[in-house]
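Values quoted throughout were computed directly from the atomic coordinates according to the rules given, and no laboratory measurement underlies them. Please read all numbers here as calculations on a predicted model, not as lab measurements. Here the Cβ positions follow ideal geometry from the backbone for every residue, glycine too, while neighbour counts run over all protein chains shown.
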Amino acid sequence: MESSELHDLSDDADYAASQQQGSASMMRCDSEKRSSSSDHDGAELIYLKDNVAIHPTQFASERISGRLKLTKQDSLLFLSWTPYKGQTSNAKLSEKDRSLYTITAVPFTEVRSIRRHTPALGWQYVIVVLSSGLAFPPLYFYNGGVREFLAIVKQHVFLARSAEDANVFIVNDFQSPLQRTLSSLELPSTLPVASGQSIYPLDGGSSSENQGRTSAGVDNRVSSVSRYGLRKQKSHDPARDLSIHLLEKFSLVTKFARETTTQLFSENNGLGSVDKRWNNQPVHSYPEKLSNIAEEKYHESPHSYPVNEHDEEIPNIVDVPADPLEFNKLSLVWGKPRQSPMGSKEFTAFLDYEGRVVESKALRERVFYGGIEHQLRKEVWPFLLGYHAYDSTYAEREYLRSVKQMEYATLKQQWQSISPEQAKRFTKYRERKGLIDKDVVRTDRAFEYYEGDDNLNVNSMRDILLTYSFYNFDLGYCQGMSDYLSPILFVMEDESEAFWCFVALMERLGPNFNRDQNGMHTQLFALSKLVELLDSPLHNYFKQNDCLNYFFCFRWILIQFKREFEYEKTMQLWEVLWTQYLTEHLHLYVCAAILKRYRSKIMGEQMDFDTLLKFINELSGQIDLDSTIRDAEALCICAGENGAASIPPGTPPSLPLDEGILYPQDDDVL
Amino acid sequence: MATAGNKNINAKLVLLGDVGAGKSSLVLRFVKDQFVEFQESTIGAAFFSQTLAVNEATVKLEIWDTAGQERYHSLAPMYYRGAAAAIIVFDITNQASFERAKKWVQELQAQGNPNMVMALAGNKADLLDARKVSAEEAETYAQENSLFFMETSAKTATNVKDIFYEIAKRLPRVQPAENPTGMVLPNGPGATAASASCCA
């Protein structure tokens, strides 16, 4: 909602016309100058670059183009990026998606570093990393000019090239060498920010811990942002910020109120006391003034949900710590009992006489609620993974199998034909092969299918991974891939079929293994937004304890819980996730469900990052799958469109297919 | 002995090194006295803790075992942040893993806790026939860089306990791990309160 206040000219007719014709940046630069000097209360435009785009997905075709600006106000430099209206390459990217990515005037005092990527081939881009540890998605300079951009930044703020990586430019100076490393490496504590929304809470009521950490004036920042003119009214008063933030929350809650029975909410009265011991913690995190307000409000109306979410009295802070209980309660009501796995006979009923899946949604629903009997997986997984089209016939699939078998043999031949003499001169190949050799012999070797010396299945796994690293040479091999392949090969029992299923899976999950970790960062970021939505006390707890990067969930997401469940359970979970029945991102709701289940322990024992990571790792083998899936389903339904909106478009494992179905586009926003 | 509380130390130790050098195997041998021929790769990081008695004191090592692949390098600072000690592991049958170990040493020297106790472990010492890195070479490097060096074998348990004990012995009596300046405080009552509070 903030982004609607943005000043941009992209809906200007002149602008749109010039945009159609390609670049005419001088002209637009002038018009922008005029507008910025009048609109931004004297903020000086330093730099403007058109055709700077964000790719919400790994698909180059999906991009959001926009305008990058540097402005200066009271000697502070600000960066902003505004997407053009109606200029998206893909109609599926809605207005909401674009506003999710809008970068609203970020002061450089908040920027930790800028990483540039200027490949000889392909688009140049920069990644802007904030001192909070968050990062914006890469900004692609379609007309080039990264160097110029950096040169201009350098004229206004202190910019030092990182000692570790010549492509990283550190903004200002850092207190400790460690922080310098953290910022200059690929940023462990980094999350991509789909701006607007996430910058916003940082400005909001809970900035106290920011002050502790960055010392250099959060106040200063807030006030300068407000002087800058964007979010004018909101930024002065942290309490007001918070109230607007809460407004979003309450709109969610009131939505539940409509969708569920009122009885669920009346239960809250009794439950409030159960959770009271937690109420203090989040409240203490707010600035003192706020917690006072909170306490007053608490005594006034401990459990009143505003009837009208636009009501002024909304900053009812103590209700926020209490709200997860509603979700807990709801989950008991909403998560459907698991059914028994789908058998062969039942599956056949989904097919027409030529073998087409008549109603793919019904099939996916069936698998979502019960999974698949093991012998049948071989037939159904290729559909779920996207290797087979639902509307393909038996004959077409059989034909595809033989074609793909030949294609696989050709790909495999590429590395098989490398002689020892050639290998000597092919370091990259040797390194990859070495890495794969090391990993396949230690992937699921205790599992019957892969156990024992000279196991042929282990060899197949090696061959598939090596072939894949040629098929997708850019991505190569990365640890974790063998975890994905192992069950697939076990299910498919055929090297070529397993390879193509793996290829299909990597189309979605390849970004997990990207060198820049962007796919992981996006998912961890989306998870943080979901937890914020579904359990704000827990979110605040993570925030206070510097756990907001959610790296303790890294393994869960990287290999979709492969190491958390026993083999059979992992396959059950995967086929549920792969149905994409309720959402493409059920795995993130699964993360949220597990975290919520252990929230009392996490907060009660005051776990810091280390303890939390240890705790999470040790949950391996302890998590009950069925109830977790039910909770995740409930959370997903509860979160509804607010949940979907928390996940930036293109967050893995998104594919451009079926997006209309998977993101219910409901304009009935509260 | 009545003031045993003063002699309890908590110390964070991180293992770094190339893929398949045997980081997880060393920890597993040390903590559980187990060895798995095909120890699965580490995703993200793993955490273990083990308490040792060293010179009348109890040292609780909180051990962080990390992923080796270069692509996950960026996660490492999260784990060596605040570490009081590090074991940099290489595989004596693999020259590249030794080169990688040197890189880790450099990084820790530049970015780690200045008082960090660093050990260099030449693992897989049971595979003498396949040796590619001589003990002399590693020893020389270690001396030049003020590390202590041991050849270990997680498989046969050779020197595994020893290297962890040696680290525990060398730890400053009062842990500066949480203190970014790395200052060593004088040993005295109360000084260890913060670090010892969790010890049994």
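Summary table
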quantity: Mean Cβ count within 10 Å, highest first, over the residues of peptides A:392-399, A:544-551; calculated: A:544-551, A:392-399
quantity: Derived scalar couplings ³J(HN,Hα) [the stretch A:369-377; Karplus, 6.51 cos²θ - 1.76 cosθ + 1.60; whole Hz; x for Gly, Pro]; calculated: 8, x, x, 10, 4, 4, 4, 8, 4
quantity: DSSP-assigned coil residues among GluC sites (Glu not before Pro) in the stretch A:466-518, each with at most 15 further Cβ atoms within 10 Å; calculated: A:Glu493
quantity: For A:Asn51, residues with placed amide H under 5 Å, excluding near neighbours; calculated: A:Gly66
quantity: Within-14-Å neighbourhood charge of B:Arg100 [Cβ basis; K, R +1; D, E -1]; calculated: 0
quantity: Residue order, fewest to most beta carbons within 10 Å, for B:Phe149, A:Phe615; calculated: A:Phe615, B:Phe149
quantity: Amide H contacts under 5 Å for A:Arg112, placed H, 5+ residues apart; calculated: A:Val129, A:Leu130, A:Ser131
quantity: Across A:Lys614/B:Lys161; A:Lys378/A:Lys562; B:Lys23/B:Lys102; A:Lys72/A:Lys543, pairs whose alpha-carbon gap is larger than 24 Å; calculated: A:Lys72/A:Lys543
quantity: Shape call, the stretch B:6-129: gyration tensor on alpha carbons, a/c limit 1.5; calculated: oblate
quantity: Sparsely packed trypsin sites (Lys or Arg not before Pro) within the stretch A:543-609, loop by DSSP, other Cβ within 10 Å at most 13; calculated: none
quantity: Taking B:Val133, A:Val358 and counting other C-beta atoms within 10 Å, the order from fewest to most; calculated: A:Val358, B:Val133
quantity: Where trypsin sites (Lys or Arg not before Pro) fall in DSSP loop in the stretch A:444-529, at most 15 other Cβ within 10 Å; calculated: A:Arg515
quantity: Shielding by other protein chains, B:65-71, mean Cβ within 10 Å; calculated: 5
quantity: Order of A:Arg377, B:Arg71 under a 10 Å beta carbon neighbour criterion, fewest first; calculated: B:Arg71, A:Arg377
quantity: Nonlocal amide H pairs with B:Ala83, under 5 Å, H built at 1.01 Å; calculated: B:Asn113
quantity: Karplus (6.51, -1.76, 1.60) ³J(HN,Hα), θ = phi - 60°, over the stretch A:469-479, in Hz, Gly and Pro reported as x; calculated: 5, 8, 4, 10, 5, 5, 7, x, 10, 9, 4
